[in-house]
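Take a look at the structure below.
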Amino acid sequence: MLVVACSVYEAPSQSGDASAGQSGNVGADSGSGSDVGGNTGTDSVGGRSQGGSGAAGAAGTSPGGTTGAGAGTAGGPGASGSGGDATSQGGEGGAASAPDNCPTDPDKLEPGACGCGVPEAPSVAKDDCQSLKALLIHRYDFEGSGTAVKDRVGTAHGVIARGATLSKLDGKGVALLGGGDVGPYIDLPNGLVSSLTNATFEAWVTWGGGTDWQRIFDFGDSTAVMPENNQANGKTYLFITPRSGSKVVQIGYSLNSVGAEQDVPGSSALPQTLTQVVAVVDDANDKLLLYVDGAKAGERAWTDSLSKLNDVNVWLGRSQYATDSELNAVYHEFRIYGAALSAPQVAAMFQAGTDPTFLAY
């Protein structure tokens, strides 16, 4: 009489060619089959197993067992078991996971062109990180020591005025601007802004609060008899303040002091955390735009030009107006692009953060 024993499996068994079938590593049970005149074999292949068939004639082969010897009537195939779904090296185990070379970025396994933490095209439309890098014409990351502020892309190097020196915060270079009436500020070369047409100014700061009308940057001149390096009332200028008299972050542009000022207000004051603040000068489309942390915060029509500024004072952290305090902030990075960045491009740079891999020099 033919006896068939069934066990629980999920992958088909392999024909044995020895005294017992090959066992899987993690299978739940082993299927078994018996042939007349032969032996019982087992073959767990990490899942489903089929019982053997009896041998016919002088020698029969069972799929799950061994070659039997002797005469007899061929037995029927064993029933397929059901059950175990564990992966087994004896069967067809799952594919190995790809290594994660961007463990802090849930959207990437590899850095790609932009580096970890930065979206790649097409999420930046046609403009990937390498094209953004090509648009960058000046970059100040405040790495180094002393008072020299290096331009990492161009040659427009600056200085920290009033005795301050570059510092480190969490291992990265920063400029510590302490505010007040005679606090430190960063002085960049004359003419840096008026030479541009379309442009984007991107600042990364941690504002420390304090009085209204401080300046993240202010490019232009004052009404002083000798305006270079001197405050009075602003005359021609482009600035961003972290908090205006209306208590909101704001762009200001004027060619004739405050009475002619064109403002782009945001919806709230700058937060006192690490923040990206961006002014986009879109001369081609007659717009001034303000962004905070990658999102558009304000926009206005604008038909003037940067070339009309008398930018003998290109300052980070200082106003053309003598009544305004210096900036109370940690300045992490400042970048100038020779183009009006699009909203997706500004958002991409916000995702990149400070010191992104693809801007390494």
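Nothing in this text is a laboratory measurement; each read-out follows from the coordinates by a stated rule. Keep in mind that what you see is a predicted model, and the values were worked out from it rather than measured. FYI the Cβ positions are ideal-geometry reconstructions off the backbone, even for glycines, and counts take in every protein chain you see.
In order along the range 295-302, the Karplus-derived 3J(HN,Hα) couplings, from 6.51 cos²θ - 1.76 cosθ + 1.60 at θ = phi - 60°, round to 10, 5, 10, x, 7, 8, 5, 7 Hz, and Gly and Pro are given as x. The gain in end-to-end length when the residue 143 to residue 323 segment is fully stretched comes to 61.7 nm, 0.36 nm per residue minus the alpha carbon separation. A cut-off under 15 angstrom between Cβ atoms defines the neighbours of residue 149, and their net charge, with Lys, Arg +1 and Asp, Glu -1, is +3.
Under conditions of 37 °C and 0.692 mPa s, the range 193-300 yields 231 µm² s⁻¹ as its translational diffusion coefficient, taking Rh as the Kirkwood radius over Cα pairs in the Stokes-Einstein equation. With θ taken as phi - 60° and the Karplus curve 6.51 cos²θ - 1.76 cosθ + 1.60 applied, the whole-hertz 3J(HN,Hα) list for the range 220-235 is x, 8, 10, 8, 4, 4, 10, x, 5, 6, 10, 8, 7, 10, x, 10 Hz, x standing for glycine and proline.
Computed from the Cβ-Cβ distance with R0 of 22 Å, the FRET efficiency linking residue 181 to residue 272 stands at 0.60. One decimal place: the segment residue 262-residue 343 gains 27.0 nm when fully extended, by the rule 0.36 nm per residue minus the C-alpha distance.
Ranked by the mean number of other Cβ atoms within 10 Å of their residues, highest first, the peptides 290-297, 197-204 fall in the order 197-204, 290-297. Model label points for residue 167 and residue 233, set 7 angstrom from Cα along the Cα-to-Cβ axis, are 3.6 nm apart.
Size of the range 129-359 from its Cα atoms: along the principal axes, largest to smallest, the extents are 43, 41, 33 Å.
Rounded to the nearest whole Hz, the Karplus-based 3J(HN,Hα) values (6.51 cos²θ - 1.76 cosθ + 1.60, θ = phi - 60°) of the range 342-348 follow the sequence 7, 4, x, 5, 4, 5, 5, with x at glycine and proline. Given R0 = 45 Å, the distance between the Cβ atoms of residue 101 and residue 225 translates into a calculated FRET efficiency of 0.15.
For residue 208, the residues 5 or more places off, or on other chains, whose built amide H falls under 5 Å of its own are 328, 329, 330.
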